[in-house]
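Have a look at the structure below, then the notes.
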Amino acid sequence: MPIPTTGYREVVEDLAARIKSGEYAPGDRLPTYRELSELYQVSVTTVQRALIILQDRRLVVGLQGRGLWVAERQVGEPAARDDDPRR
């Protein structure tokens, strides 16, 4: 998947797409702000802004000083089945 190289909206949409596709699965820890800023070639502030939006959308959850993770279950997503390989 190509990496967008513009503003926070593109970072939001790309990360959301990666989460929804399973590239970042529920429970996965996301890269650090610095790693994401290098990946997307944007400032750390731009990454912070994007991640705030993703938190508002309940796609990611964060613990101050510990990191950000993909939410265990997306809003509107059915619960995992017993045969789901992600369990």
Tally, over region 2-46, of residues that are open to solvent by less than 80 Å² (accessible area, probe 1.4 Å), charged (D, E, K, R) and closer than 14 Å to Gly67 by Cβ: 1
Matching residues, region 47-67, being open to solvent by less than 60 Å² (accessible area, probe 1.4 Å) and at pLDDT 95 or above: Val47, Ala50, Leu51, Ile53, Leu54, Leu59, Val60
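Taking Arg57, is it in contact (Cβ under 8 Å) with a residue 40 or more places away in the chain and more than 17 Å from Ala71 (Cα to Cα)? First the steps, then the outcome.
On the way: in contact (Cβ under 8 Å) with a residue 40 or more places away in the chain: yes; more than 17 Å from Ala71 (Cα to Cα): no.
Judged against the criteria, Arg57 is not a match.
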Residues being not in a loop (DSSP other than H, G, I, E, B) and not aromatic (Phe, Trp, Tyr) - total across region 22-78: 27
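The values are calculated or read from the model by the stated rules, or taken from the named source; none is laboratory data. In this text the structure is predicted, and so the values were computed from the model without any measurement. Because the Cβ atoms are built from the backbone with ideal geometry, glycine has one as well, and the counts that use them run over all protein chains shown. These accessible areas exclude ligands, DNA and RNA; they are computed on the full protein's heavy atoms, side chains included. Shrake-Rupley method; radii C 1.70, N 1.55, O 1.52, S 1.80 Å.
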